[in-house]
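The structure appears below as structure tokens.
Please treat every number below as a calculation from the coordinates, not as lab data. All values reported here derive from a predicted model rather than from experimental measurement. Cβ: placed from backbone, ideal geometry, glycine included. Neighbour counts: every protein chain shown.
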Amino acid sequence: MLDAPYNAGTAVRRIKLVVSDLHLGKGVIDEHGHLNVYEDFREDDKFVEFLNHYGGRRHFHDEVELIINGDFFELLVVDAYDQITNRETEQTALWKMHRIFAGHPAVFDALWTFSARPNNKVTFLIGNHDASLLWSSVQKLVKERIGPQTEIIETPQYDIGPIHIEHGNHYEWLHAYNPRNFAYLNERGERVFRMPWGSVFVVEYLSPIKKSRPYVDKVRPFSMYMKYAFVNDHVFFWRLVIESVRFWLRNRFSRDPVRRREFALNPRRMMRSMSHDSMDSAALHILENTRFRYVIFGHSHKSQHRRHEGYGEYINSGTWTENISLVLPDIGRRIRRTYVWIDFTDEDNPVVRLKEWHGSHREEEDVIY
């Protein structure tokens, strides 16, 4: 049952909330009752509070749109039929999505309640970890679970007045894909998702390593971690190196000519693509050469807000998953539940802020090493 308005005289505001990179998997506890090392999202209660706040009495009269800017679903490392694979069909994508729904029931119930309000809306942009949302049946399933006021944008960008929003993976060739040609026919006549190389890397390289080092994909910068591992975790360091070489060789000498061509490229270009440096320059390029005054990205898991004098502002909404920084002054393990808050009541002059959600006190949580 919807809450009654707390103040009938409150003026209507148009509010946009941008979150990204929550990476919901099949739950913290797997089907066998064990901690799931592949689950990166453990903020279910905080996100439910966030939805209840902006979908509750305080904003009863407001038009609130939740814009989920890519990688909400972690479809790459959720197993389909007990196997993590890079050969994803529409059927396996549906299977994975059902498992994610089952792993985070409170989140999806809260999304349903949020979208049920007449003035609310949920809009999904597609990232590189949840590109399976391009399948029409997967979109239908998501809309059925979250509610009719749900929209899934298949194009990379979502533009609202002077604001340009996109996930950002398409500025890195390693993570880019063509949404108009995202599948191919395999030898059995099945349509299979054409994964970008970065996604193949996650499935083939990172997922086996995460079994013994669940934090390995959260460390920034990774180059500094490699130096640490060389001195303090010698055996694991050489495992990383050997598995990297094997991954490169498999693709450099693959039967697929496209893979052979891509992996013949300069390794420095590959490393730059993994560092997300190109996203900063892409945001500045958009601000300098278009009418947009604000650019909002996700993807990098690094929340930031930069003002480019004379052009506009670049904001990255960050992630709600854990980051491990090896650089001062941010050294240590941290979760920052960042999001972009936009008051769009004045369409020509929106108010845009990068915020962090704290919510209420949490008495306990599972510790995962």
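Neighbour counting of Cβ atoms within 10 Å sorts the residues M226, M97, fewest neighbours leading, into M226, M97. Working note: Debye formula, equal point scatterers on the alpha-carbon atoms of the chain, no solvent; log10 I(q)/I(0) at q = 0.06, 0.12, 0.14 Å⁻¹ is -0.23, -0.96, -1.32.
Taking +1 at the Cβ of each Lys and Arg and -1 at the Cβ of each Asp and Glu, which of G127, I152, H98 sits farthest along the dipole of the chain towards its positive end, judged by Cα position relative to the Cα centre? Toward the positive end, the furthest listed residue is G127. Inter-label distance, R252 to V12: 6.1 nm, where each label sits 7 Å from its Cα along the C-beta direction. Averaging the Cα positions of each part gives two centres, and for segment 276-342 and segment 119-152 these lie 24 Å apart. In this structure the amide hydrogen of V64, modeled in the peptide plane, comes within under 5 Å of the amide hydrogens of I15, N120, K121, none closer than 5 places in sequence on its chain.
Which of S212, S325, S223 sits farthest toward the positive end of the charge dipole of the chain, with +1 on the Cβ of Lys and Arg and -1 on the Cβ of Asp and Glu? So the residue we want is S223.
Would you list D280, D346 from fewest to most Cβ contacts within 10 Å? Could you put the intermediate results ahead of the total?
Details: D280 17, D346 11.
Lowest count first: D346, D280.
Spatially close Lys pairs in the chain, defined by Cα atoms under 17 Å apart and a spacing of eight or more places or different chains, total 14.
Backbone geometry of segment 171-181 corresponds, through the Karplus equation with coefficients 6.51, -1.76 and 1.60 at θ = phi - 60°, to 3J(HN,Hα) couplings of 8, 10, 4, 5, 10, 8, 8, 9, x, 8, 9 Hz, x marking Gly and Pro.
Would you mind putting 303-314, 43-54 in packing order, based on average other-beta-carbon counts within 10 Å, highest first?
Working: 303-314: 15.3, 43-54: 19.1.
Highest-to-lowest ranking by the protection proxy: 43-54, 303-314.
Of all the options P105, P257, P221, the one that moves most in a Gaussian network model of the chain with Cα springs shorter than 10 angstrom is P257.
Rounded to the nearest 10 degrees, the angle from helix 105-116 to the longest Cα principal axis of the chain is 40 degrees. Placing +1 on each Lys and Arg Cβ and -1 on each Asp and Glu Cβ, with no other charges, gives the chain a dipole about its Cα centre of roughly 1140 debye. Applying 1/(1 + (r/R0)^6) with r as the Cβ-Cβ distance of V235 and Q157 and R0 = 56 angstrom yields a FRET efficiency of 0.80.
The value of relative contact order for the chain, using C-alpha pairs under 8 Å at least six residues apart, is 20 percent. When each of L174, L328, L76, L284 is scored by the number of other beta-carbon atoms lying within 10 Å, the sequence from fewest to most is L328, L284, L174, L76. Give the angle, between 0 and 90 degrees and rounded to the nearest 10, that separates the Cα long axis of helix 222-232 from the longest principal axis of the Cα atoms of the chain. So the helix axis and the longest Cα principal axis differ by about 50 degrees.
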